[in-house]
1. Could you give the length gained on full extension between residue 351 and residue 189, defined as 0.36 nm per residue of separation minus the Cα-Cα distance, in nm?
2. Ranked by Cβ crowding within 10 angstrom, fewest neighbours first, how are 222, 424 ordered?
3. What distance in nm lies between label points placed 7 Å from Cα along the C-beta direction at residue 248 and residue 156?
4. Convex hull over the alpha-carbon atoms of the chain: what's its volume per residue in Å³?
5. Sum -39500 (n - 2.57) across every DSSP H segment of at least 4 residues in the chain, then divide by the residue count to get the 222 nm mean residue ellipticity, nearest 500.
6. Find how much the distance from residue 213 to residue 395 grows on full extension, using 0.36 nm per residue of separation minus their present alpha carbon separation; answer in nm with one decimal.
7. Quick check: Cα centre of the stretch 244-267 to Cα centre of the stretch 89-107, how many Å?
8. The stretch 293-310 to the stretch 401-456: how many Å between their Cα centroids?
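Please treat every number below as a calculation from the coordinates, not as lab data. Since we're looking at a predicted model, the values are computed, not measured. Cβ placement follows ideal geometry from the backbone for every residue including glycine, while neighbour counts extend to all protein chains displayed.
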Ligand code: HEM
């Protein structure tokens, strides 16, 4: 080799070695220093108002990958489609950010199950959420929305009437959840009792999230335990009924898979409640936001109504072929999930050291997926706070990476209920929009409140006028 060639090869090797060395050892993830040794950046998090708002500020300042301290634990957060892609094959979820819900959903919940246990459960449970299975739930979706529509029509005294949107969507979503997950085994009074118990448990979790923990033996603690036992008794009652039925592929429900697969009663009750929690607030709030946006955008509502009239008939049950034809309806729901930032974050971890976006991450470090930051990224969604379903037209989708829009999470541990939620929303929106012209009562100020799920700051009042 001549001298010059040797020199070039030498420089090249030195460059490669330096690059590997720097990447693996020295490349520091940008991010926040802890404010104090014990509290880390928890004070900053509290000041931001929610984890989502904190992550918006964090990524704005430090870029697509950034670190912060949750107490004494360093956490890495990512917000770019490319890094979401790198995480697609990771299954395990860290406890840290979701541990507060443990008293409600139980330590055996799927939410906390990793490795072979978690993967095995998901493999079994996902059968009840496949496209084929969810198509079988269309009867329940239609029945539940028709019930709500009948109720709304009874409340109407001719002309235009006002209704509490969030309350109605909560009633609808819980009924759908219970009917489909557990089979149609409960009368309305039992569902109402379950709803009341559930509300006590949920608001107790809210208090704890706000730092208000009950004293052991206090009335607050006792009320929570009584309500939780009531919710569990409801599930035990369902199990008793289902065990006496002959279960076929046609009538099999999530609860039947739990009965067959769960090693013990605690796990069965935990996972039954986990799926109710996972499916209830998410779908109720997605529908409340959906109708809020539809009511506030008459051009969107007109276009949607025209499509629904063309494909869904006037009174027919809404079936899979109609849903598949309603392309704009899907765009409206996708834009609802994006614009409302419905579920703002997820998380993963790996036991071993990895490289993520070229940065070294020590094994065991929780990695937050800042889904909400990505959903509002102006690079992919210009004027991100504007509600514009055309962002999801077939032509516009092609112009951005698919992982920029991940409202149900990323990869192997994506939300098991994503098909369920899409189908339920399609039926509910199509049935409501073909029946009513929907408007907003004037003078309301509705803001998003970002928790685990983003909900409206107050009840949304809508006006309804029957279409002819
Ligand atoms: C619009 C509606 C919904 C949204 C936006 C949503 C969003 C999410 C997200 C972001 C996750 C975390 C995924 C991850 O870690 O990457 C999740 C998990 C989960 N969701 Fe949903 N979800 C919705 C509806 C549902 C429904 C209808 C059900 C059940 C009937 C459900 C049950 C669950 C469960 C059980 C988990 C935890 C799964 C596990 O630990 O493996 N969700 N959801």
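1. Values: separation 162, 0.36 × 162 = 58.32 nm, distance 4.73 nm.
Roughly 53.6 nm would be gained on extension.
2. Ascending number of Cβ neighbours within 10 Å: 222, 424.
3. Distance between label points: 3.9 nm.
4. 190 Å³
5. Computed ellipticity for the chain at 222 nm equals -17000 deg cm²/dmol.
6. On the way: separation 182, 0.36 × 182 = 65.52 nm, distance 5.04 nm.
Gain in length upon complete extension: 60.5 nm.
7. Each part reduced to its Cα centre gives a spacing of 24 Å.
8. Cα centroid of the stretch 293-310 versus Cα centroid of the stretch 401-456: 16 Å apart.
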